[in-house]
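Written below as structure tokens is the structure these notes are about.
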Ligand code: IMP
Ligand code: MG
């Protein structure tokens, strides 16, 4: 069994700086709205949402939902589906979906059309990571932390079969890339 720690792709410090910048930009863009409603997509976004929400300087509220697409690995990917819904309605609210990573964009696309049907005042998306190599044209990311290559990453909320979620940095899954 491979017990190697994941190789660092994005350091804790780089994440901290980038999340701070995202927070300042989003706070500026939404300066005139009464409240920004953040929707965290569980489970991968829980750490990013915790930091991003504290980097904002505008009034904000938080809710969560959960989507599932990957069972255990990319090879077993099925269609994205909602497995846990929001606690409150979003009609008339300014909504910002907070995602950990956008890979093909299937999950995001499905989620955004579901939320759009509920009549928010506005609907945008902020993702910490994006893998542009696999992106489909329909998935638009309004705020993006980092673009990364097509490797499986873990840490800062992201997992490999539930492992490594609590790593403070973004790492590349051990064994990835033929090492
Ligand atoms: P998509 O539907 O192909 O965009 O996949 C999005 C979802 O797959 C993300 O929200 C993650 O849950 C998961 N995912 C994709 N790539 C990675 C990765 O490198 N590490 C961890 N999870 C990933
Ligand atoms: Mg996710």
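The values are calculated or read from the model by the stated rules, or taken from the named source; none is laboratory data. What you see is a predicted model; the values in this text were computed from it and never measured. All Cβ positions, even for glycine, are placed from backbone atoms using ideal geometry, and neighbour counts span all protein chains on display.
Residues of the stretch 114-128 being closer than 24 Å to residue 156 by Cα and touching a residue at least 60 places away in the same chain (Cβ under 8 Å), which ones? Give the steps one after another, and end with the answer.
The first filter runs over the stretch 114-128 and keeps only residues closer than 24 Å to residue 156 by Cα, leaving 124-128.
If the condition is that a residue be closer than 24 Å to residue 156 by Cα and touching a residue at least 60 places away in the same chain (Cβ under 8 Å), then 126, 128 are the ones that fit.
Could you identify the single residue in 47, 101 that is touching a residue at least 40 places away in the same chain (Cβ under 8 Å), within 16 Å of ligand 1 (Cβ to nearest atom), at negative phi and not in a helix (DSSP H, G or I)?
Among 47, 101, only 101 is touching a residue at least 40 places away in the same chain (Cβ under 8 Å), within 16 Å of ligand 1 (Cβ to nearest atom), at negative phi and not in a helix (DSSP H, G or I).
Quick one: which residue in 144, 56, 82, 111 is farther than 26 Å from residue 16 by Cβ, free of Cβ contacts under 8 Å to residues at least 60 places away in the same chain and more than 8 Å from ligand 1 (Cβ to nearest atom)?
Working: 144 fails: farther than 26 Å from residue 16 by Cβ; 56 fails: farther than 26 Å from residue 16 by Cβ; 111 fails: free of Cβ contacts under 8 Å to residues at least 60 places away in the same chain.
Only one candidate qualifies: 82.
Name the residues in the stretch 15-35 that are touching a residue at least 12 places away in the same chain (Cβ under 8 Å) and either closer than 25 Å to residue 83 by Cβ or assigned to a helix (DSSP H, G or I) (or both), would you?
Selection gives 15, 16, 18, 19, 20, 22, 23, 24, 25, 26, 27.
How many residues does the stretch 112-130 contain that are buried (at least 17 other Cβ atoms within 10 Å of the Cβ) and either at pLDDT below 95 or part of a strand (DSSP E or B) (or both)?
Within the stretch 112-130, residues that are buried (at least 17 other Cβ atoms within 10 Å of the Cβ) and either at pLDDT below 95 or part of a strand (DSSP E or B) (or both) number 8.
Quick one: which residue in 102, 62, 95 is surrounded by 18 or more Cβ atoms within 10 Å (Cβ to Cβ) and over 28 Å from residue 8 (Cβ atoms)?
Selected residue: 95, the only one of 102, 62, 95 that is surrounded by 18 or more Cβ atoms within 10 Å (Cβ to Cβ) and over 28 Å from residue 8 (Cβ atoms).
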